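**Q** Please read through the structure below; I'll follow up with questions.
Each value in this text was obtained by applying a stated rule to the coordinates, not by laboratory testing. The shown structure was predicted, so the numbers you read here are calculated from the model rather than taken from an experiment. Positions of Cβ are generated from backbone atoms using ideal geometry, with glycine treated the same way; all protein chains shown enter the neighbour counts.
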Amino acid sequence: MDGNLNRSRYAAASLVMQLCLGVVYSWSVFRGPLSQAYGWSRVETIAPYRWSLLAFTAGMIVAGLWQDSKGPRLVATIGGILLGAGCLLAGLIGNTVQGLIVSYGVVAGFGVGFAYVTPIATCIKWFPDKRGFIVGLSVMGFGVGSLIFGPLLELLIGKDPARLAETLPRTFFILSAVFFVLVVGAAQFYRVPPAGWRPVGWNPAAAKVGGAARDFTPAEMLRTPQFYVLWLIYFLGTSVGLTAIGEATPIVQEMAKTGAAMSGGAALGVMSVFNGAGRLIWGSASDRFGRSKVVIGMCGASILACTVLLRNASSFGQLLAGLCLAGFAYGGYLALMPSFTADFFGSRHVGANYGILFSAWGLCGFIVPGYFAGVIDAAKKAGNAAAGYSEVYLGLAGLAALGAGMVLLARRPGSA
C-alpha cells in the first residue's frame with residue numbers, strides 16, 4: 001500500500017481533541033468557588049474529580065474494545081456527545097455534590113474516556129515507526145489543556161461570591177457548547193490505515209526486534225504476569241501527578257495569603273505546560289533510550305519534587321517549581337504506557353489492551369487524591385496543616401520509589 005498517505009491530519013485532529021479533554025486537569029479551579037458557594041469541604045470538592053477519573057477509566061475500557069471493531073470515528077463522536085451532555089447536566093444539577101458527581105463525574109468522565117483512547121490507538125497504527133514520539137505528541141494536548149482552561153475557567157467563574165450560583169452553571173453550559181463543537185468535530189477526521197499499509201522506508205521486520213513477539217488479545221494479555229507489573233507501575237507512578245494536579249489550585253490559593261505571584265488558574269496553566277512537555281520529551285526519549293530507563297528517571301523526578309521542593313515549600317517559587325516537576329514527570333506515563341502496551345502485547349488490539357491497562361490510572365485517581373485530601377483535612381482540623389502536607393508528600397515519594405522498583409521486573413512476554 002502507498003506509504004505516502006498524509007498522516008499529519010490524524011495527529012492534528014488528535015491534538016485538538018486532547019486539548020479539549022484536558023479540561024479534566026483544571027478541576028481544581030472549581031474547588032474554591034464550590035466551597036464558597038455551597039459550603040463544601042475539601043473532600044467534597046474533590047469528589048467529582050475522583051469520580052470523573054474512575055468513569056474516564058471505565059469509558060476507556062469500553063471504548064478500547066469497541067473502537068477496535070467499530071472504528072475510531074464513531075466511538076470518538078459518542079465520547080464528545082457524552083462529554084458535552086455531562087457538562088450541560090452539571091449546569092442544571094451541579095449545585096449538590098451528588099448532582100455534580102453524576103453529571104460531570106460520571107457522564108462527562110465516561111465521555112472523556114471514549115474520546116481519549118481513540119486518537120491514541122489511531123496514531124499508534126498510523127505511526128508504528130515513532131510510537132513514543134507520536135503518543136507523546138497526541139497526549140501532549142491533554143496535558144497542556146489546563147493552560148487554556150485554567151485561566152478561562154477563572155475568568156468565567158469570576159471572583160464575586162455573590163454571583164457564584166449564577167456563574168458556575170453558566171461556565172458548565174459554555175464548556176458543553178465547546179465540547180459539542182470541537183470534540184465531535186475532530187472525531188470526524190479519524191480512520192484506521194488501509195490493510196497492509198506502512199510508512200515509506202519503514203522495515204517492520206527490523207522494527208519487530210525488541211518489540212512484541214505477537215499480537216495479544218485482551219484475554220491473552222490478562223493471563224500474563226507482565227500486564228500486572230505494568231499495571232502497578234502505572235498506578236504507583238501517576239499517584240504523585242494526579243494528587244498534585246488535584247490540589248494545585250487550593251495550595252496556591254493558600255500560598256496567596258502570604259503573597260503568591262499568580263492566581264491558582266495561572267499556576268495550573270504553567271504546570272500544564274510542563275505536564276504536556278513531559279509527554280513529548282519523555283516519550284521521545286523512550287524511543288531512543290528504552291522505556292524502562294526513562295520510567296526510572298520519571299520516578300526519580302517525582303521523588304525529587306515531593307521531598308525537596310513540595311514537602312517544605314516556603315515560597316511561591318519553590319511551590320510552583322515542585323508542582324511543575326511533578327507534572328513533568330507525571331506527563332511521561334501518559335506517553336509511555338500506551339507505547340509499553342504496544343511493545344509488550346502488539347498494536348493490533350492496542351485500543352482494548354491499553355484501555356484495560358488504563359484502569360490503573362483511574363483507580364489511582366479515585367483512591368489516592370481522595371485519601372490524601374482526607375489527610376490534609378484532618379491536619380487542618382488539628383491546627384497543623386504543615387504536618388499534613390509533609391505526610392502527603394513523603395507518602396507520595398514512597399509510592400514513586402516503589403514504582404521504580406517495579407520497573408526492574410518489567411520484561412516483554414517471551415523475553416529471557
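**Q** Gln318 to Arg198: extension gain in nm, 0.36 nm per residue of separation minus the Cα-Cα distance?
**A** 38.5 nm
**Q** Hey, what does the equivalent ellipsoid look like for segment 79-121, semi-axes from the Cα gyration tensor as sqrt of 5 times each eigenvalue, largest first, whole Å?
**A** The equivalent ellipsoid of segment 79-121 has semi-axes of 22, 9, 5 Å.
**Q** Whole-Hz Karplus ³J(HN,Hα) for segment 149-154, in order, using 6.51 cos²θ - 1.76 cosθ + 1.60 and θ = phi - 60°, x for Gly and Pro?
**A** 3J(HN,Hα) across segment 149-154, in whole Hz: 7, x, x, 4, 5, 4.
**Q** Another question, if that's okay. At 7 Å along the Cα-to-beta-carbon direction for both Tyr228 and Arg288, put a label point, then send me their distance in nm to one decimal.
**A** 3.7 nm
**Q** Now for a different question. Specify, per residue and in Å³, the volume enclosed by the convex hull of the alpha carbon atoms belonging to segment 318-416.
**A** Spread over its residues, the Cα hull of segment 318-416 gives 106 Å³ apiece.
**Q** Still on this structure, please answer the following. Return the inverse of the average 1/r over all pairs of distinct C-alpha atoms in segment 1-137, which is the Kirkwood hydrodynamic radius, in Å to one decimal.
**A** 15.8 Å
**Q** Just to verify a number: FRET efficiency for Ile367 and Asn95, C-beta to C-beta distance, R0 = 35 Å, to 0.05?
**A** 0.85
**Q** Follow-up. Measuring from label point to label point, each 7 Å out along Cα→Cβ, what is the Glu391 to Ala177 span in nm?
**A** 4.6 nm
**Q** From the phi angles alone, apply the Karplus equation (6.51, -1.76, 1.60; θ = phi - 60°) to segment 123-140 and give each ³J(HN,Hα) in whole Hz, x where the residue is Gly or Pro.
**A** Karplus-based 3J(HN,Hα) across segment 123-140 equals 5, 4, 6, 7, 10, x, 8, 9, 4, x, 5, 5, 5, x, 5, 4, 8, 4 Hz.
**Q** Which whole-number percent gives the relative contact order of the chain, counting Cα pairs below 8 Å spaced six or more residues apart?
**A** Reported as a whole number, the value is 26 percent.
**Q** May I pose another question? Tell me, what HN-Hα J-couplings in whole Hz come from the Karplus equation 6.51 cos²θ - 1.76 cosθ + 1.60 at θ = phi - 60° for each residue of segment 187-196, using x for Gly and Pro?
**A** Per residue, the Karplus-derived 3J(HN,Hα) values read 4, 6, 8, 7, 7, 8, x, x, 4, x Hz.
**Q** Straight-line reach from Lys125: which aspartates and glutamates fall under 17 Å, measuring Cα to Cα and dropping same-chain residues less than 8 apart?
**A** Qualifying aspartates and glutamates at Cα under 17 Å: Asp2, Asp68, Asp215, Asp287, Asp343.
**Q** Enumerate by residue number the trypsin sites (Lys or Arg not before Pro) in segment 124-184 meeting two conditions: DSSP loop (anything except H, G, I, E, B), and at most 16 other Cβ atoms within 10 Å of the site's Cβ.
**A** Passing sites in segment 124-184 are Lys159.
**Q** Determine, for each peptide in 192-203, 374-385, the mean count of other beta carbons within 10 angstrom over its residues, then list the peptides with the highest first.
**A** Ranked by mean Cβ neighbours within 10 Å, highest first: 374-385, 192-203.
**Q** Report the equivalent ellipsoid semi-axes for segment 283-349 in whole Å, largest first, defined as the square roots of five times the eigenvalues of the gyration tensor built from alpha carbon atoms.
**A** Result for segment 283-349: semi-axes of 30, 10, 8 Å.
**Q** For Ala162 and Ser69, calculate 0.36 nm times their separation in residues minus their Cα-Cα distance, and state this gained length in nm to one decimal.
**A** Working it through step by step, the gained length comes to 28.4 nm.
**Q** Additional query: Once a ≥ b ≥ c are taken as the square roots of the eigenvalues of the Cα gyration tensor of segment 321-367, is the result rounded (a/c under 1.5), prolate (a/b larger than b/c) or oblate (a/b not larger than b/c)?
**A** Judged from the Cα gyration tensor, segment 321-367 comes out oblate (a/c at least 1.5, b/c at or above a/b).
**Q** Still on this structure, I have one more. Mind grabbing the base-10 log of I(q)/I(0) for segment 131-199 at q = 0.16, 0.18, 0.21, 0.22 Å⁻¹? Debye formula, identical points on the C-alpha positions, no solvent, two decimal places.
**A** Calculated log10 I(q)/I(0) at the listed q: -0.76, -0.87, -1.02, -1.07.
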